[in-house]
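Q: Below are the structure tokens for one structure; questions will follow.
Each value in this text was obtained by applying a stated rule to the coordinates, not by laboratory testing. The shown structure was predicted, so the numbers you read here are calculated from the model rather than taken from an experiment. FYI the Cβ positions are ideal-geometry reconstructions off the backbone, even for glycines, and counts take in every protein chain you see.
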Amino acid sequence: MRLRKRILGLLRDESGTATVESVLWLPVFIAFFCIIADASFIFFGQNRAYRIVQDANRNLSVGRLVDSIEVETAVTASLADFAPNSVVQSSIDPVSGVVTTVVALQASDLVATGLITAFLESTITVGSSHFVEY
């Protein structure tokens, strides 16, 4: 009799309903935060690559690097730690004296969780141009 009363009391008790709802919503919130983290890492990687490209172009512009092959080598070496599958192309326009470097980054190298596969299949392109000063 006491066991039956106790079970009926537990069935009528509504004090745990908020816990059940929060447990149901928890995967949605985790997925949302994972998407935010992946997007943030992609934007951070893009900004980091842009800065590397600018530095390499500037080094060629002031004479620290000699030609576009050295620029490509320097950029590839700098990107190796966080974007090993990047493709670097650099060229110097002989008429205008402008060095242009373009980097194609794989988003799969930049994401943290890889929860959304659309991020993994994307390619991020970063480019910069500078006048050669020497």
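Q: Per 0.36 nm of contour for each residue apart, how much would the distance between Arg12 and Thr113 grow if the chain were fully extended, relative to their Cα-Cα spacing?
A: Length gained between Arg12 and Thr113: 32.2 nm.
Q: Here is a follow-up. Roughly how many nanometres apart are two label points built 7 Å out from the Cα toward the Cβ at Phe32 and Ser122?
A: 2.0 nm
Q: A further question follows. Amide H neighbours of Val132 under 5 Å, at least 5 residues apart or on other chains, H built in the peptide plane: list them.
A: Val98, Val99
Q: Express in whole angstrom the spacing between the alpha-carbon centres of region 1-50 and region 80-112.
A: If we compute the Cα centre of each part, the gap is 40 Å.
Q: A follow-up question, please. Could you give the length gained on full extension between Ala77 and Ala39, defined as 0.36 nm per residue of separation minus the Cα-Cα distance, in nm? Walk me through the numbers before you get to the answer.
A: Numbers: separation 38, 0.36 × 38 = 13.68 nm, distance 2.43 nm.
Full extension of this stretch gives 11.3 nm more.
Q: Compute the helix-to-body angle for 2-12: its Cα long axis versus the longest principal axis of the chain, expressed 0 to 90° and rounded to tens.
A: With rounding to tens, the tilt is 40 degrees.
Q: Say we join alpha carbon atoms closer than 10 Å with springs in a Gaussian network model of the chain; which of Leu65, Leu115, Leu24 then has the biggest fluctuation?
A: Result for the chain, Cα springs under 10 Å: Leu24 fluctuates most.
Q: Let me ask something else about it. Here are several values of semi-axes √(5λ) of the Cα gyration tensor in Å: [x] 24, 19, 15; [y] 33, 16, 13; [z] 57, 11, 10. Which one was derived from the coordinates shown?
A: Label [z] holds the value from this structure.
Q: Work out from phi, with θ = phi - 60° and the Karplus expression 6.51 cos²θ - 1.76 cosθ + 1.60, the ³J(HN,Hα) of each residue of region 31-38, listed in order in whole Hz, and give x for Gly and Pro.
A: Result, ordered by residue: 4, 4, 5, 5, 5, 4, 5, 4 Hz.
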